[in-house]
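Undergrad: Quick one: the structure is below, and I'll ask about it shortly.
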Amino acid sequence: MVAAAAVGAPSAIAAGEGQDPTSTTTPTVPEPQPGTTATTPTLIAKPAQRTQSAKPRSAKLTLRVAGIRDGKLGAGKKVHAAGYLHPFVRGQHVRVKLARNGHVVKKMNPYVKRVAHRNVGRFKFRSGELIKPGHYRVSALHLGNDQQARDWARSGKFKIRYPDLDPGVRNSTVKTFNHLLLAQGYYSTHGKRYGSKTGFAVMAFRKVNGMKRTFNASPGIFKKLADGRGDFDLKYPGAGKHVEVDISKQVMVFANHGKPQYTFHVATGAPATPTIRGHYHFYTRQPGYNSEGMYYSVYWHGGYAIHGYHSVPPYPASHGCVRNPIPESIFIYDWVKIGMSIYVYG
């Protein structure tokens, strides 16, 4: 009986019997027995406490827009903006936007590149050609991150400056103006020169819009075209490809797909020899000059025709025909087909 009790005692100790449960005494590691190898107990390290992350660097954002004079940018010019972010931090980028009347028309997300020998970064922004009227503004935003703080900048508001153009001028602005005339359905050129075609198109525009009948392009005309306004209002938009002559406005219009494709300055019959009104169809053609000085004629009723002539004043002056300028005659002759409708009214 005594031997049995002695054998059971170590088991009770191993189970913790007879020990103070609140004791913090470290258990004794047993000595290695002779002939065995000592082993080091495994120690579990406590997880390291997180250190508070460093604050992002400060940010100062500035913005400059080139080409603005008296709060205006020349029509057809591009916005060139440069921004600066201080201090320079590698890998940063900025959101840049150009807005017109509060609506974004272009945006970029350029990276900031270091300016040589300086602790500042630079970014660039360039727009397309600006034509439409309205209030414009460039803005830049650095959103902020772990490396650099948030900041933003914006330019002052600016508008478009529309020039006064006169015959004989040759530059890129005239080219832009000619494209606007074409876009609004006026027969003009694609070139940079303000020649006779541009002048005739301006005259047609002035007639359609009830303006003084001259060949000069005022800033108001440029602005109206840039805003997509001032085109001829067809009387028969559903008549397919056809010709309309408005005697009251002294213009001839080539209509296609329900829109005025080309509008021309013309002169109809004088009060003593008026042009007949009504709906007709072209029935015969005559190239070159005839004995009456009519150039590339297309007839729609009897002797009534559309044709080129050396004199096309801004008022009714013909013997009943519809006169158009000589330089436009071959184009008109080729566009009009036999059997096509012509509506004369006004």
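Read-outs throughout are calculated quantities, based only on the coordinates presented, and are distinct from any laboratory measurement. Predicted, not measured: the structure shown is a model, and the values here were computed from it. Cβ coordinates were reconstructed from backbone atoms using ideal geometry, including for glycine residues, and neighbour counts include every protein chain displayed.
Undergrad: Can you give me the C-alpha center-to-center distance between region 58-75 and region 156-224, rounded to a whole angstrom?
TA: 28 Å
Undergrad: Hey, another quick one. Excluding Gly220 itself, calculate the net charge of residues whose Cβ lies under 12 Å from the Cβ of Gly220, where each Lys or Arg counts +1 and each Asp or Glu counts -1.
TA: +3
Undergrad: Under the definition of Cα pairs under 8 Å and six or more residues apart, what whole-number percent is the relative contact order of region 172-226?
TA: Relative CO of region 172-226 lands at 29 percent.
Undergrad: Does anything in region 143-167 have its amide N under 20 Å from the 7 Å Cα→Cβ label point of Arg90, and if so which residues?
TA: Of the residues in region 143-167, 144-149 have backbone N under 20 Å from the label point off Arg90.
Undergrad: Hey, with R₀ at 45 Å, roughly what FRET efficiency would Ala183 and Thr284 work out to, going by the Cβ-Cβ distance, to 0.05?
TA: My answer for the efficiency is 0.85.
Undergrad: Under a 5 Å amide H to amide H cut-off, with H placed in plane at 1.01 Å, what residues pair with Arg100 once short-range neighbours are removed?
TA: Val105
Undergrad: What FRET efficiency do you get for Leu143 and Arg64 if R0 is 22 Å and r is their Cβ-Cβ distance, rounded to the nearest 0.05?
TA: 0.55
Undergrad: For Ser318, which sequence-distant residues (separation of 5 or more, or a different chain) have an amide H within less than 5 Å of its own amide H, given hydrogens modelled in the peptide plane?
TA: So Ser318 has HN proximity to Thr268, Gly269, Ala270.
Undergrad: Over 28 Å between Cα atoms: which of Lys107/Lys259; Lys107/Lys159; Lys107/Lys207; Lys132/Lys197; Lys212/Lys235; Lys192/Lys224 fall into that group?
TA: With Cα atoms farther than 28 Å apart: Lys107/Lys259; Lys107/Lys207.
Undergrad: With the cut-off at 1.5 for a/c, could you classify region 241-346 from its C-alpha gyration tensor as rounded, prolate or oblate?
TA: rounded
Undergrad: Which of the trypsin sites (Lys or Arg not before Pro) found in region 54-154 are loop residues per DSSP with 13 or fewer other Cβ atoms within 10 Å of their Cβ?
TA: Sparse-neighbourhood loop trypsin sites (Lys or Arg not before Pro): Arg90, Arg118, Arg150.
Undergrad: Now for a different question. What ³J(HN,Hα) values, in whole Hz, does the Karplus curve 6.51 cos²θ - 1.76 cosθ + 1.60 give for region 62-76 when θ = phi - 60°, with x put for Gly and Pro?
TA: In residue order, the calculated couplings are 10, 9, 10, 10, 8, x, 8, 10, 6, x, 9, 10, x, 4, x Hz.
Undergrad: With a cut-off of at most 14 other beta carbons within 10 Å, and DSSP calling the residue loop, which chymotrypsin sites (Phe, Trp or Tyr not before Pro) in region 195-295 qualify? Please list them.
TA: Of the chymotrypsin sites (Phe, Trp or Tyr not before Pro), the ones in loops of region 195-295 whose Cβ has at most 14 other Cβ atoms within 10 Å are Tyr283.
Undergrad: Same structure, new question: Within region 242-345, what percent of beta bridges assigned by DSSP are antiparallel, to the nearest 5?
TA: Looking only at bridges with both residues in region 242-345, the antiparallel portion is about 75 percent.
Undergrad: Residue by residue through region 231-248, which ³J(HN,Hα) values in whole Hz follow from phi under the Karplus form 6.51 cos²θ - 1.76 cosθ + 1.60 (θ = phi - 60°), with glycine and proline marked x?
TA: Using θ = phi - 60°, the values come out as 7, 6, 9, 4, 8, 10, x, x, 8, x, 6, 7, 10, 10, 10, 9, 5, 5 Hz.
Undergrad: Hey, what's the Kirkwood Rh for region 58-164 if you take every pair of different alpha carbons, in angstrom?
TA: 14.3 Å
Undergrad: List the residues whose amide H sits under 5 Å from the amide H of Ala239, counting only those 5 or more places along or on another chain, with H placed 1.01 Å from N in the peptide plane.
TA: none
Undergrad: Each residue of region 297-307 in order: what ³J(HN,Hα) in whole Hz does its phi give by Karplus 6.51 cos²θ - 1.76 cosθ + 1.60, θ = phi - 60°, with x for Gly and Pro?
TA: Once rounded to whole Hz, the list reads 9, 10, 8, 10, 7, x, x, 7, 8, 9, 6.
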